[in-house]
1. Give the number of residues within segment 178-199 that are of a type in the set (Ser, Thr, Tyr), in a loop (DSSP other than H, G, I, E, B) and surrounded by 15 or more Cβ atoms within 10 Å (Cβ to Cβ).
2. State whether one or more residues within segment 99-111 are crowded, with 17+ Cβ neighbours inside 10 Å, touching an Asp or Glu at 6+ places or on another chain (Cβ under 9 Å) and more than 30 Å from GLY170 (Cβ to Cβ).
3. In segment 210-262, how many are of a type in the set (S, T, N, Q) and modelled with pLDDT of 95 or more?
4. Collect the residues in segment 21-45 that are surrounded by fewer than 13 Cβ atoms within 10 Å (Cβ to Cβ) and at pLDDT below 75, keeping them in residue-number order.
5. Filter segment 1-20 down to the residues that are part of a loop (DSSP other than H, G, I, E, B) and in contact with a helix residue (DSSP H, G or I) (Cβ under 8 Å, 6 or more places away or on another chain), then identify the one that is modelled with the highest pLDDT.
6. Exactly one condition in (1) part of a loop (DSSP other than H, G, I, E, B); (2) more than 23 Å from ALA185 (Cα to Cα) is not met by ASN220; state its number.
7. Are any residues in segment 225-254 in contact (Cβ under 8 Å) with a residue 40 or more places away in the chain and either part of a helix (DSSP H, G or I) or within 15 Å of ILE201 (Cβ to Cβ) (or both), and if so, which ones?
8. Looking at segment 263-282, which of the residues that are modelled with pLDDT of 90 or more and charged (D, E, K, R) is nearest to HIS182 (Cα to Cα)?
Amino acid sequence: MNITASLVKELRERTGSGMMECKKALVETDGDIELAVEQMRKSGLAKADKKASRIAAEGSIFLCGADDGKSLVMLEVNCETDFVSKGDEFTGFAESVAAAALGAGVEELEALRKVTLPSGNTVEQARLELVAKIGENVNVRRFVCFTSVNGTIGSYLHGIRIGVLVEVEGGDEQLHKDVAMHIAASKPEFISENDVSEQVINREKDIFMAQAKDSGKPENIVEKMVEGRMKKFLGEITLVGQPFVKDPDIKVGKLLQQKNARVLRLARFEVGEGIEKKEENFAEEVMAQVQGS
């Protein structure tokens, strides 16, 4: 059968693959475009499986909110390069996943992977097809959904790399935005001292005690030193204990009091945090190739 340019073009549009790859698939299927699409999808998914072990530490943070403002989803999707993270195909996929997470009301990542998108594919099927299409590993890493009955969900996106959700009771829209921005900048681990576990407190106290005793000071002085360092430590890791980024003369806890507001929960995502990135050594790579040849 004669493989026409229009047939190749149609297959390219449907699969996103290269011209020669499309022409080859059409020749192998004797011009049956549906069969060609099926074979290319199978081939692409096989390639996607091979890319699964590749480190994906770049990507973007996405937000998707309900019309009534009472629910908001924050999602991190990773890829291998910054270039891909800014592409329309990657962004379109991630936005559809965020919307699916909001609409499905799921809480676990495994459940989200099984949610069906408007395209008819599940999230996982769409991810695999995207990997095959763009040639990079893509990973839906994590998401969180805040739904508030009596409070308000504040949010902040710093570019595409840092995202924050914060549920606040009381206050106004400007306060909610300011607190979310502060969380993005200052990275509090807890809302208040009451949220810090005994394990964390005892660990730090032991460290400070050992450091203070090494100073050779009397026991009563050592106790005061440890007390002061613990107070400083708890102020640094708690939202209410941190100096407000827009006005360091006031702490966030005091700001909330002034606005008759209370933070109920918070979440902060930063692209790639906690992912061990592969260190590239191009000199060693070239040397290995030279020795191999």
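1. 1
2. No, every residue in segment 99-111 fails to be crowded, with 17+ Cβ neighbours inside 10 Å, touching an Asp or Glu at 6+ places or on another chain (Cβ under 9 Å) and more than 30 Å from GLY170 (Cβ to Cβ).
3. The number of residues fulfilling the criteria is 5.
4. LYS42
5. Per the stated criteria, the residue is ILE3.
6. Failed condition: (1).
7. Of everything in segment 225-254, those that are in contact (Cβ under 8 Å) with a residue 40 or more places away in the chain and either part of a helix (DSSP H, G or I) or within 15 Å of ILE201 (Cβ to Cβ) (or both) turn out to be LEU234, ILE237, THR238, GLY241, VAL252, GLY253.
8. It comes out as ARG268.
The values are calculated or read from the model by the stated rules, or taken from the named source; none is laboratory data. Everything numeric in this text was worked out from a predicted model, so none of it was measured. Note that we place each Cβ from the backbone using ideal geometry, even for glycine, and neighbour counts take in every protein chain shown.
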